[in-house]
Amino acid sequence: MAVCSECGSTVSRFDLEKGLCGICAFRERQRPKAERDSIEAEQRKAAADLAARLDAIMMTTETAPGIDIAERIEIISAECVFGMNVFKDIGSSIRDLVGGRNKAFQDALREARKTVLSELRKEALEVGADAVVAVDLDYSEVSGGGKSMMFLVASGTAVKMKASSL
């Protein structure tokens with residue numbers, strides 16, 4: 001079951017249209033286009049403002065000057081598992097023999113870090129957090145059977161800030 005984001009009614013998730021039940025979706029289609037565009041622009045701006053604020057307060061420490069935590073909501077985490085393709089594996093084998101940096105692995109790790117931190121931000125937004133503190137990144141390799149995969153976990157504490165800190 002799913003919930004309409006407009007009226008809160010419970011409907012089958014297959015009956016939702018852009019998060020709205022059939023009645024609310026019909027009402028939305030009846031609004032003038034300029035009004036719909038204005039509402040969508042406001043929603044995008046509010047989401048971007050919240051995401052920017054959350055981006056500004058994502059840190060590896062529990063406290064910092066000027067940061068006052070009002071409430072610790074919960075521990076949140078995000079995971080990313082990605083495979084290294086055969087060409088990267090061959091390239092890394094050559095690098096193991098001759099030494100030097102492996103750009104393909106570095107790029108893959110950088111992309112995984114960006115992905116997992118983005119997922120952590122989404123988790124924080126879902127629980128109503130203003131910030132994430134004590135962020136930790138853990139990398140692991142999962143290999144065997146001729147397969148090589150990397151596993152990255154980001155975790156932290158989702159918190160609400162005091163109004164003076166925002």
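The values are calculated or read from the model by the stated rules, or taken from the named source; none is laboratory data. No experiment lies behind these values; they were computed from the predicted model shown. Because the Cβ atoms are built from the backbone with ideal geometry, glycine has one as well, and the counts that use them run over all protein chains shown.
Could you tell me whether ALA70 is of a type in the set (Gly, Ala, Ser), assigned by TED's automatic domain parsing to the domain that holds GLY156 and within 25 Å of GLU123 (Cα to Cα)? Yes; evaluated as a whole, the condition is true for this residue. Do you know which residues across region 140-161 are surrounded by 12 or more Cβ atoms within 10 Å (Cβ to Cβ), of a type outside the set (A, V, I, L, M) and at pLDDT 85 or above? The answer is PHE151, SER155, GLY156, THR157, LYS160. For region 122-136, a tally of residues being part of a strand (DSSP E or B) and either at pLDDT below 90 or more than 12 Å from ALA78 (Cα to Cα) (or both) returns 4. Within region 46-53, not a single residue is part of a loop (DSSP other than H, G, I, E, B) and either assigned by TED's automatic domain parsing to the domain that holds THR157 or at pLDDT below 80 (or both).
Considering each of SER77, SER92, SER12 in turn, give the residue that is out of contact with any Cys (no Cβ under 8 Å at 6 or more places or on another chain), modelled with pLDDT under 80, among the small types (Gly, Ala, Ser) and surrounded by 12 or more Cβ atoms within 10 Å (Cβ to Cβ). Reasoning before the result, please.
Details: SER77 fails: modelled with pLDDT under 80; SER12 fails: surrounded by 12 or more Cβ atoms within 10 Å (Cβ to Cβ).
That would be SER92, the only listed residue that is out of contact with any Cys (no Cβ under 8 Å at 6 or more places or on another chain), modelled with pLDDT under 80, among the small types (Gly, Ala, Ser) and surrounded by 12 or more Cβ atoms within 10 Å (Cβ to Cβ).
Please work out if ARG31 is at pLDDT 80 or above, of a type in the set (D, E, K, R) and surrounded by 12 or more Cβ atoms within 10 Å (Cβ to Cβ). So ARG31 does not fit the description; no. Pairs linking a residue in region 63-77 that is of a type in the set (Asp, Glu) to a residue that is surrounded by 11 or more Cβ atoms within 10 Å (Cβ to Cβ), with Cβ atoms under 8 Å and 6 or more positions apart or on different chains, are ASP68/MET161; ASP68/LYS162; ASP68/SER165; GLU71/VAL159; GLU71/LYS160; GLU74/VAL127; GLU74/THR157; GLU74/ALA158.
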